[in-house]
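**Q** Supplied in structure tokens, the structure appears directly below.
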Amino acid sequence: MDGARLNIAQLIGSLVVAAAIVAVVIVAVTAKLGPTSTAELEAREEARDARIDAREERLEQREERREDRTEAP
Amino acid sequence: MEDLIDSLTRGNPTEVKVVLASVVTALAVYQLVLIAVGYGKLRPPFLGARPASLAHRASGDAIVAITVVVAVMCLSYYGFEEGDKALHMVAGTALLVALALKVAVVRRLHGLSRYLPMIGITVFALLVLTWVSSAGQFLADR
């Protein structure tokens, strides 16, 4: 391999190493941060609120049905 | 601007800033290795001085771009806060000044080239200090 090609290969190799460092840091830091980001927490909260709403709605419907049954002759 | 940052980071500006700042700090350590090869202080058989210097310049450009993005996010979202963030604020401001000086010396003020190693080490030290006083603390508290 002549000098210029060797230099280009080494330059590309150095930049690939830099890209690998970037990827490793992103993965490591994201793993450390975990699924507790604001967006994740908001999504969890929304899902919990939706579950609570659905349960309350079911309870109300059950209550209404019970009242209907007692009112009916 | 705050809304733009919020929507770009999907409500996680701090987390995104921590990731970007950590990437920059890791790249800065790699920069030290590259420039040590570039100046002939390290002589690995698989990397010559010229490609190491070129790679140092290329990843340095990336570092400057990411640092500016982080700084803009930081200033527009959090602003200048007093109190326990004073060290971070001072280190971050000094880092931006040192980075601007380094870019100016590399691109225009060639007469000051002999100071580049000193400016580079200053940039590295300020970068580490800025990271430790914010992202490092944030990660340590998790």
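**Q** If I filter the range B:7-41 down to residues being outside any helix (DSSP H, G or I) and among the charged types (D, E, K, R), which single residue comes out as farthest from the other protein chains (Cβ to nearest Cβ)? So that I can check it myself, show each step before the final result.
**A** Taking the range B:7-41 first, the residues outside any helix (DSSP H, G or I) are B:9-12, B:39-41.
Checking which are among the charged types (D, E, K, R) leaves us with B:10, B:41.
Numbers: B:ARG10: 5, B:LYS41: 16 Å.
My answer is B:LYS41.
**Q** Which of the residues that make up the range B:42-51 are at the interface with chain A (Cβ under 8 Å from one of its Cβ atoms) and either at pLDDT 95 or above or part of a helix (DSSP H, G or I) (or both)?
**A** Taking the range B:42-51 as the starting set, the residues that turn out to be at the interface with chain A (Cβ under 8 Å from one of its Cβ atoms) are B:46-48, B:50-51.
Within the range B:42-51, B:ARG50, B:PRO51 qualify.
**Q** When the residues of the range B:1-17 are filtered to those that are among the hydrophobic types (A, V, I, L, M, F, W, C) and free of Cβ contacts under 8 Å to residues at least 60 places away in the same chain, which remaining residue is nearest to A:LEU33 (Cα to Cα)?
**A** Residues of the range B:1-17 among the hydrophobic types (A, V, I, L, M, F, W, C): B:1, B:4-5, B:8, B:16.
Now restrict to residues that are free of Cβ contacts under 8 Å to residues at least 60 places away in the same chain: B:4, B:8, B:16.
Numbers: B:LEU4: 22, B:LEU8: 18, B:VAL16: 10 Å.
Here the residue is B:VAL16.
**Q** May I ask you to say which residue of B:VAL16, B:VAL33, B:VAL72 is closer than 26 Å to A:VAL29 by Cα and modelled with pLDDT of 95 or more? Full working, then the answer.
**A** Numbers: B:VAL16 fails: modelled with pLDDT of 95 or more; B:VAL72 fails: modelled with pLDDT of 95 or more.
The match here is B:VAL33.
**Q** Which of (1) away from chain A (no Cβ under 14 Å); (2) touching a Leu at 6+ places or on another chain (Cβ under 7 Å) is the odd one out, the single condition B:ARG142 does not satisfy?
**A** Only one criterion in (1) away from chain A (no Cβ under 14 Å); (2) touching a Leu at 6+ places or on another chain (Cβ under 7 Å) is unmet by B:ARG142, namely (1).
**Q** Another question, if that's okay. Have a look at B:LEU34, B:LEU47, B:LEU27, B:LEU20 and point out the one that is without any contact (Cβ under 8 Å) to a residue 12 or more places away in the chain and surrounded by 15 or more Cβ atoms within 10 Å (Cβ to Cβ). Write out each step before concluding.
**A** On the way: B:LEU34 fails: without any contact (Cβ under 8 Å) to a residue 12 or more places away in the chain; B:LEU27 fails: without any contact (Cβ under 8 Å) to a residue 12 or more places away in the chain; B:LEU20 fails: without any contact (Cβ under 8 Å) to a residue 12 or more places away in the chain.
Result: B:LEU47 is the single residue among B:LEU34, B:LEU47, B:LEU27, B:LEU20 that is without any contact (Cβ under 8 Å) to a residue 12 or more places away in the chain and surrounded by 15 or more Cβ atoms within 10 Å (Cβ to Cβ).
**Q** Could you figure out which of (1) touching a helix residue (DSSP H, G or I) at 6+ places or on another chain (Cβ under 6 Å); (2) over 23 Å from B:MET1 (Cβ atoms) isn't true of B:GLY136?
**A** Failed condition: (1).
**Q** Suppose we filter B:LYS102, B:LYS85 for residues that are away from chain A (no Cβ under 14 Å) and under 17 Å from B:TRP131 (Cβ atoms); which single one remains? Quick ask: steps written out before the conclusion?
**A** Values: B:LYS102 fails: under 17 Å from B:TRP131 (Cβ atoms).
Of B:LYS102, B:LYS85, the one residue that is away from chain A (no Cβ under 14 Å) and under 17 Å from B:TRP131 (Cβ atoms) is B:LYS85.
The values are calculated or read from the model by the stated rules, or taken from the named source; none is laboratory data. In this text the structure is predicted, and so the values were computed from the model without any measurement. A quick note on method: Cβ atoms are made from the backbone with ideal geometry, for glycine too, and the neighbour counts reach across all protein chains shown.
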